[in-house]
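So the structure is just underneath, and the comments pick up after that.
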Amino acid sequence: MFSFYKGKLHLSYYFALASVFLSGCSLIPTQEPQALVEQTQQQRINQLSQLRQWQIKGKIAFIDKNARNSASLSWKVNENLPSQQLNLTTYLGINVLQLDSNANSHEIQVDGKTYHGTNLEALVYSITGLTLPTQALTYWLKGIPYQKTDHIIYQEVSQLPTSLTSQYNNELWQVNYAKYQQINGYNLATQFSIKKDDLLIKIIVNDWSTSN
């Protein structure tokens, strides 16, 4: 049974077990994969810094020492406005969480209730007890640094990120990347593990959409 933290919102009724997420169900796109673009590290950072509208669909799992839970994920980001919409649903299509953000106005619907705030990370924490780097993740998922002190380790031959380490809000986060695909000229990872202390978040992307 899943609850984010004691005293915070309990979502166990809505979440599918993370074993479904981790059991090896195929999430790889059926279309023929395109060859990865050859780039230097800086060329890749420069290119992906210009990618400001994108959407991912796939699976997400939250794993800590007490529980494992997963959901289907749809996350659409437009950094130009800025705005974002995030939806988590169970494999039965039951909505777990819905986020709508426009600039500094954030609305989260969960468990039949609606919450509003101007600080997204504080709002998420007040509901779930989780301290999540919500803004930084929009950069980290592209495999680029959010702040100058973020440290990226690259694969020697492909020059693609294998891991990113960040001291974000005085907390140590590590992101690992795998299964790169070329999406509309961008080299993007489709498997992520995001770790802080006892919390591990796993994301598998089966659809990247990009536009500018």
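Laboratory data are not the source of any read-out in this text; all were calculated from the coordinates shown. All figures in this text were calculated on a predicted structure; none of them were measured in a lab. Every residue, glycine among them, receives a Cβ derived from its backbone with ideal geometry; neighbour counts consider all protein chains shown.
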>> When a/c reaches 1.5 or more, the comparison of a/b and b/c decides; with that in mind, is the range 70-212 rounded, prolate or oblate per its Cα gyration tensor?
In response: prolate
>> For a Förster distance of 41 Å, can you work out the FRET efficiency between the beta-carbons of Asp207 and Lys65, rounded to the nearest 0.05?
In response: 0.85
> Where in the range 42-65 is the amide nitrogen less than 14 Å from a point lying 7 Å along the Cα-to-Cβ axis of Lys179?
Replying inline: 57-61
>> What distance in nm separates the two pseudo spin-label positions at Thr162 and Gln98, each 7 Å out from Cα along the beta-carbon direction?
In response: 4.3 nm
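Test of understanding: what is the full-extension gain from Gln155 to Gln191, defined as 0.36 nm times their sequence separation minus their Cα-Cα distance?
Full extension of this stretch gives 11.4 nm more.
Kindly rank 182-190, 89-97 from highest to lowest mean number of other beta carbons found within 10 Å of each residue.
Listed from highest to lowest mean packing, they are 182-190, 89-97.
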> What net charge do the residues around Lys202 carry, taking every other residue with its C-beta under 10 Å from that of Lys202, with Lys and Arg at +1 and Asp and Glu at -1?
Replying inline: +3
>> Going 7 Å from the Cα of Thr40 along its beta-carbon direction, which residues of the range 129-166 have the amide nitrogen within less than 14 Å of the resulting point?
In response: 159
> How big is the gap, in Å, between the Cα center of the range 142-169 and the Cα center of the range 184-210?
Replying inline: 13 Å
